[in-house]
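The values are calculated or read from the model by the stated rules, or taken from the named source; none is laboratory data. Model, not experiment: these values are computed from the prediction. Every residue, glycine as well, gets a Cβ built from its backbone with ideal geometry; the counts of neighbours run over all protein chains shown. Ligands, DNA and RNA are stripped out before the accessible areas are found, and what is left, the full protein with its side chains, is counted by its heavy atoms. Shrake-Rupley method; radii C 1.70, N 1.55, O 1.52, S 1.80 Å.
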Amino acid sequence: MINKNVDYALFPQCPIRNVLSRIGDKWSMLVLFTLEKYGVLRFNELKLYIPDISKKMLSTALKVLEADGLVARKMYAEIPPRVEYRLTERGLTLIPLINKLIDWAAANMEDIMADRNKYLMHNS
């Protein structure tokens, strides 16, 4: 018998692989979380809220999130140009899942770090 849920995970066109490869990088979830927390932001404001991200990586993350319909970019015809970013409706539906992951990480971080240290001590 074929288990479609397992079989899909084995193939590159798998929905979970596809989505996680886009939002599971180092920065995308932080960008989404920051936009949810602070609302509509300009590029430099986002950079201030995520100080350890480079301009190039922030730009890349925003482009990927925009391409997937999670972030909307609005450019104003002003001099100098003003560009604002916000979550889309689809992006907003992802926030409760990100919050659950944050809660889980906070609840388990201490034990995970202890297990890592134990592992390193036994395998060095």
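Summary of values
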read-out: Dmax and Rg, reported as Rg then Dmax, of segment 51-118 (C-alpha, Å); value: 17.2, 57
read-out: Which listed pairs, of LYS74/LYS100; LYS47/LYS74; LYS47/LYS100; LYS26/LYS55; LYS26/LYS63, have C-alpha distances above 20 Å, in listed order; value: LYS74/LYS100; LYS47/LYS100
read-out: Carbon and sulfur %, accessible surface of segment 61-124 computed with the full protein complex present, 1.4 Å; value: 59
read-out: Label-point gap, in nm, between ASP115 and TYR49 - each point 7 angstrom along Cα→Cβ; value: 3.1
read-out: Those aspartates and glutamates that a straight Cα-Cα span of less than 14 Å connects to LYS37, excepting residues fewer than 8 apart in one chain; value: GLU45
read-out: Full-stretch length increase - ILE102, GLU66 - with 0.36 nm per residue and alpha-carbon distance subtracted; value: 10.7 nm
read-out: Largest-first ordering by accessible area, 1.4 Å probe, given options SER28, SER59; value: SER59, SER28
read-out: Largest-first principal axis extents, alpha carbons of the chain, Å; value: 59, 42, 25
